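Chemist: Submitted below is the structure of interest, expressed as structure tokens.
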Amino acid sequence: MAGVIVVGSGPSGMMLAGELAMAGVDVVIMERRPTREVTGSRAGGFHSRTIEILDQRGIADRFLAEGQTAQTARFGRSVLDISDFPTRHPYGLALWQNRMEPILAGWIEELGVPVHRDREVTGFVQDETGVVVELADGETVRATYLVGADGGRSVIRKAAGIDFPGWDATRSNLIAEVEAAQEPPSGMRQDETGVHGFTLMEDRRTYRVITTEQQLGATAEPSLKDLSEALEAVYGTDFGVRDPTWISRFTDATRQAATYRQGRVLLVGDAAHVHYPAGGQGIGLGLQDAVNLGWKLAQVVNGTSSESLLDTYHAERHPVGARALKHSMAQTALQRLDARTAALAETVDELMSMDQPRRHVAALIHGLDITYDFGEGHPMLGRRMPDLDLDTADGPTRVFTLLHDAKPVLLDLAEPASLDITPWAERVNLVAARFTGAWRLPLIGDVTPPTAVLIRPDGYVAWVGQGTDDGLTDALTRWFGPGLPVG
């Protein structure tokens, strides 16, 4: 029996499997696709906080080497520059999903995660001790927990009976990679229907095309004929599009799972939330779901923490997802170019040229404003830990380097270091360090330097010391289970 079965080998599923494997959990991925090849380029990158998450695991450089850093955050027609934000990665990364996934696949292969391909999951039955997963060929496999990372049409979500409320589609887009007999105009254009445009790809022969259809309603798989008709309606010609590598249809339907957990079944990524891709938050949102869940699920499977720890996954990530979905709907509304929307877009452009609105919206898009509710306390509490340059007895290091093995870290910054966490010594890395620079957070600015910080494996601050260890034992117990007896 596996510890965890993850259904789906997309970015969220692979990230979660990697997190579980690093924690010593027996995890397997079930994937219905026969190969790991991704047809078409798909999604186009992610934002600053996601790069930070990858940096915390020591693999950000693999992605940065393959993509192009840029100011990727947009709201309406405005590009929101975050080069002045206090982060080691004040930018987004343009990188197509078909180049992203092989990097993640290589990482989980190094970690020994088995991926069983051509294995379609059709349902499951759960009981008090585990989940029996049913496969299309009639075979069953048992695991302690099951995670659906199987996309917006998630079989796991449906089989779990989890509601998927939200808003129905109001428009649909076609996206494709094709060749063309005539050279189309480059760049994007907007009209009263929506957005349209062509981008010449690296092979200098294939175009990535997106267009908004004139009418909503088609549910069948899109064809080259559908694409031609949609282009003719906008441009007066289809430019002789031919030889499609890939054609897909997506809509602005916006939905979120009512709960991210149903007993021993959990959801990550698009299985938990779907939205229009405006804003580019989709993949990053899913990867951050996975990193939030991974260490918690590992501790429960390994018997370190009680099952109640899993409830914090929904409590923390559902509000973050809800915010991203509302932002996506706002972006979608600004893409139409009728007179009233154009007037609204001009107003938004004016606001985005002002410093405070720019910072507010850019921090939201990049995930740098996320604050989990851990109660009253220091401004650092519940926020991402900055990647500080530290001095330690073993030499200089970075905070994110300390998180590479996905274990919690208690950073003791007092002189002399005095914290004692012997009952948790096997679970939490205690690091005595010095840092003399400013503690600066996005949107907030400078904060009072703490004397100690307890950092969760996902990089969020679970406790802040301000000259004493008050509350530390409670925080350690809450997040990392009861301490072991001493002596």
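The values are calculated or read from the model by the stated rules, or taken from the named source; none is laboratory data. None of these values were measured; they are calculated from a predicted model. No Cβ is skipped: glycine too gets one built from the backbone with ideal geometry, and neighbour counts run over all protein chains shown. All accessible areas refer to the heavy atoms of the entire protein, side chains included, with ligands and DNA or RNA removed. Shrake-Rupley method; radii C 1.70, N 1.55, O 1.52, S 1.80 Å.
Chemist: Of the residues Thr392, Thr451, Thr473, only one is open to solvent by 50 Å² or more (accessible area, probe 1.4 Å) and of a type in the set (Ser, Thr, Tyr); which?
Modeler: Result: Thr473 is the single residue among Thr392, Thr451, Thr473 that is open to solvent by 50 Å² or more (accessible area, probe 1.4 Å) and of a type in the set (Ser, Thr, Tyr).
Chemist: So, of the residues in the stretch 135-156 that are open to solvent by 50 Å² or more (accessible area, probe 1.4 Å) and closer than 23 Å to Gly286 by Cβ, which turns out to be nearest to the chain's Cα centre (by Cα)?
Modeler: Filtering first and then ranking leaves Arg153.
Chemist: Still on this structure, please answer the following. Tell me which of these Arg117 doesn't satisfy, since it passes every other one: (1) buried (at least 20 other Cβ atoms within 10 Å of the Cβ); (2) in contact with a Pro (Cβ under 9 Å, 6 or more places away or on another chain); (3) among the charged types (D, E, K, R).
Modeler: (1)
Chemist: For the stretch 213-241, which residues satisfy the criterion of being of a type in the set (S, T, N, Q) and either farther than 28 Å from Ala330 by Cβ or in contact with a Lys or Arg (Cβ under 6 Å, 6 or more places away or on another chain) (or both)?
Modeler: Those that are of a type in the set (S, T, N, Q) and either farther than 28 Å from Ala330 by Cβ or in contact with a Lys or Arg (Cβ under 6 Å, 6 or more places away or on another chain) (or both): Ser223, Ser228, Thr237.
Chemist: Among the helices (runs of 4 or more DSSP H) confined wholly to the stretch 1-67, which include 2 or more residues that are in contact with a strand residue (DSSP E or B) (Cβ under 6 Å, 6 or more places away or on another chain) and open to solvent by less than 10 Å² (accessible area, probe 1.4 Å)?
Modeler: Passing ranges, in order: 11-22.
Chemist: Could you list, in sequence order, all residues of the stretch 120-134 that are under 12 Å from Ile5 (Cα atoms) and either within 23 Å of the chain's Cα centre (by Cα) or open to solvent by less than 60 Å² (accessible area, probe 1.4 Å) (or both)?
Modeler: The answer is Val121, Phe124, Gly130, Val131, Val132, Val133.
Chemist: So which residues in the stretch 239-258 are in contact with a Pro (Cβ under 9 Å, 6 or more places away or on another chain) and modelled with pLDDT of 90 or more, if there are any at all?
Modeler: Selection gives Phe239, Val241, Ile247, Arg255, Gln256, Ala257, Ala258.
Chemist: How about the stretch 81-102: which of its residues are farther than 11 Å from Arg49 by Cβ, open to solvent by less than 40 Å² (accessible area, probe 1.4 Å) and not in a loop (DSSP other than H, G, I, E, B)?
Modeler: Leu93, Gln97, Met100, Glu101
Chemist: Hey, another quick one. Could you tell me which residue of the stretch 313-333 is surrounded by the most Cβ atoms within 10 Å (Cβ to Cβ), considering only residues that are touching a helix residue (DSSP H, G or I) at 6+ places or on another chain (Cβ under 8 Å) and within 12 Å of Val361 (Cβ to Cβ)?
Modeler: For the stretch 313-333, the residue satisfying everything is His327.
Chemist: Within the stretch 232-246, track down each residue that is under 33 Å from the mean Cα position of the chain (by Cα) and open to solvent by less than 30 Å² (accessible area, probe 1.4 Å).
Modeler: Correct list: Trp246 only.
Chemist: Only residues that are under 27 Å from the mean Cα position of the chain (by Cα) and either open to solvent by 10 Å² or more (accessible area, probe 1.4 Å) or at pLDDT 85 or above (or both): list them for the stretch 170-197, please.
Modeler: If the condition is that a residue be under 27 Å from the mean Cα position of the chain (by Cα) and either open to solvent by 10 Å² or more (accessible area, probe 1.4 Å) or at pLDDT 85 or above (or both), then Thr170, Arg171, Ser172, Asn173, Leu174, Ile175, Ala176, Glu177, Met188, Val195, His196, Gly197 are the ones that fit.
Chemist: Quickly run through the stretch 214-232 and pick out the residues that are modelled with pLDDT under 90 and of a type in the set (D, E, K, R).
Modeler: Scanning the stretch 214-232 gives a single hit, Glu221.
Chemist: What pairs can you find where one residue is in the stretch 54-68 and under 17 Å from Ala105 (Cβ atoms) and small (Gly, Ala, Ser), the other is in a loop (DSSP other than H, G, I, E, B) and modelled with pLDDT of 95 or more, and their Cβ atoms are less than 8 Å apart, with a gap of 6+ or different chains?
Modeler: As it stands, the answer is Gly58/His404; Ala60/His89, since those pairs meet every condition given.
Chemist: Another question, if that's okay. Please tell me if Asp270 is closer than 29 Å to Arg74 by Cα, open to solvent by 30 Å² or more (accessible area, probe 1.4 Å) and of a type in the set (D, E, K, R).
Modeler: For Asp270, the condition - closer than 29 Å to Arg74 by Cα, open to solvent by 30 Å² or more (accessible area, probe 1.4 Å) and of a type in the set (D, E, K, R) - is met.
Chemist: Checking the structure you have, find out if any residue of the stretch 160-172 is touching a residue at least 60 places away in the same chain (Cβ under 8 Å), touching a Phe, Trp or Tyr at 6+ places or on another chain (Cβ under 8 Å) and not in a loop (DSSP other than H, G, I, E, B).
Modeler: There is at least one residue in the stretch 160-172 that is touching a residue at least 60 places away in the same chain (Cβ under 8 Å), touching a Phe, Trp or Tyr at 6+ places or on another chain (Cβ under 8 Å) and not in a loop (DSSP other than H, G, I, E, B).
Chemist: For Val486, are the conditions met, namely being β-branched (Val, Ile, Thr), at pLDDT 95 or above and either under 21 Å from Ala406 (Cα atoms) or part of a loop (DSSP other than H, G, I, E, B) (or both)?
Modeler: When the stated conditions are applied, Val486 does not pass them.
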